Amino acid sequence: MSDFTAQTLTETRTGDPEAGFGDYVALLKPRVMSLVVFTALVGLLVAPGGTSPMIGFTAILFIALGAGASGALNMWYDADIDAVMKRTAKRPVPAGKVPAGEALTLGLWLSALSVVMLGLATNWVAAALLAFTIFFYAVVYSMWLKRATPWNIVIGGAAGAFPPVIGWAAVTGDVSLASILMFGLIFMWTPPHFWALALFMKSDYHKAKVPMLTVTHGRAETRRQILIYTVLLVPVALGLAFTSVAGPVYLAAAIVLNAIFLKGAWDIWRRDEAMAEVDGYAVEKKVFKFSLLYLFLHFGALLADAIWRVI
Amino acid sequence: MAETTRPLTETHEIHKRRFGRNVGTALCLLGFCAVVFGLTIAKVREGGLLEANDHVPRASVLPVTEDSQ
């Protein structure tokens, strides 16, 4: 038995590799989580009444964990799609690092934990909204819309739009016009943001049989839809300026940011594929990068107005 | 082909990964305990609605009388 070594021990486990801690963290989609944390934090901080720092911290922590749980459930269900596409093939489940069953178990347990803890820490309205968000992302978007319709991004974007509403509800225990408009801002921003990316990323969605707008309706129609959704986004973004949570900083930021974003969407619509190929999709890339800044600065401006009011 | 073998006492990469996972899990559990503890302290300090049983009639359930006003 002297030749029984650690190496042979590993070989017996071929096909059932042991995941590292980082692989489980990757299941929670930490990059998506950062947007959730920021928007939920702003929703929580601008809400009237306020809460203690510890309760606020706990609320954000479990909202983020709930988002992570829905990410794990998404990775469990979409493992077949992820394995086909180059961008997602290295995710823990398709890469064979974490068994699909473990991703499902982790997702379900973290969902339950985050909802219960948010309910105990704050209130059950916020907890119910978090539970609905997880359900919406994991079931409505991942299991149904993503494979069924090219409008998956539009409707599925609601899942990413809920965090500020949950942050707000964690403090106030209700949903108000201001929190609905914060929801609307992210909801209407998601399609132009994602479709701008889809125009230059040329992902292999068709290989995975995922109906993306660029494939089902063509790239010219995608350009038109970017402009339509950006036009619809502007009144939502400006409307938020006239609620109690916003102030002069937000109004000024919203006017400038929406003018630039609208100009970008207009430029995308005016171009065709031949023009885009020539400059390597420079305009599409610029608009996509700006869209990230657009959302960050809108919520940053809300935060600035909240701080302004306190000072 | 000569088989390369290593002694059982040598730490294999899989052991390092397993150790990392155990440390990560332990830190998560410790963090969770700290959050629950901190939350408890915050809730008790907030405690406007707390009314523990201390063997005296609870003021909030007593009928309003002239004396109590």
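Residues B:LEU49, B:LEU27: which one is modelled with pLDDT of 90 or more and either in a helix (DSSP H, G or I) or loosely packed, with under 11 Cβ neighbours inside 10 Å (or both)?
Among B:LEU49, B:LEU27, only B:LEU27 is modelled with pLDDT of 90 or more and either in a helix (DSSP H, G or I) or loosely packed, with under 11 Cβ neighbours inside 10 Å (or both).
Go through segment A:286-303 and give me each residue that's open to solvent by 10 Å² or more (accessible area, probe 1.4 Å) and either basic (Lys, Arg) or under 10 Å from A:ALA253 (Cβ atoms) (or both).
Within segment A:286-303, A:LYS286, A:LYS289, A:LEU297, A:GLY300 qualify.
Could you tell me which residue of segment A:132-164 is surrounded by the most Cβ atoms within 10 Å (Cβ to Cβ), considering only residues that are in contact (Cβ under 8 Å) with a residue 60 or more places away in the chain and closer than 13 Å to A:GLY66 by Cβ?
A:PRO163
Grab the helices (runs of 4 or more DSSP H) fully contained in segment A:1-78, keeping just those with 2 or more residues being more than 12 Å from chain B (Cβ to nearest Cβ) and modelled with pLDDT of 90 or more.
A:21-27, A:30-46, A:53-77
For the condition open to solvent by 20 Å² or more (accessible area, probe 1.4 Å) and under 16 Å from A:ARG87 (Cβ atoms), what is the one hit in A:VAL215, A:VAL231?
Residue meeting the stated conditions: A:VAL215.
Hey, any hits in segment B:4-18 for a residue that's facing another protein chain (nearest Cβ under 8 Å), touching a Gly at 6+ places or on another chain (Cβ under 7 Å) and modelled with pLDDT under 95?
Checked segment B:4-18: at least one residue is facing another protein chain (nearest Cβ under 8 Å), touching a Gly at 6+ places or on another chain (Cβ under 7 Å) and modelled with pLDDT under 95.
The values are calculated or read from the model by the stated rules, or taken from the named source; none is laboratory data. For clarity, every value in this text was computed on a predicted model and none was experimentally measured. Cβ coordinates were reconstructed from backbone atoms using ideal geometry, including for glycine residues, and neighbour counts include every protein chain displayed. With ligands, DNA and RNA removed, areas are computed over all heavy atoms of the protein, side chains included. Shrake-Rupley method; radii C 1.70, N 1.55, O 1.52, S 1.80 Å.
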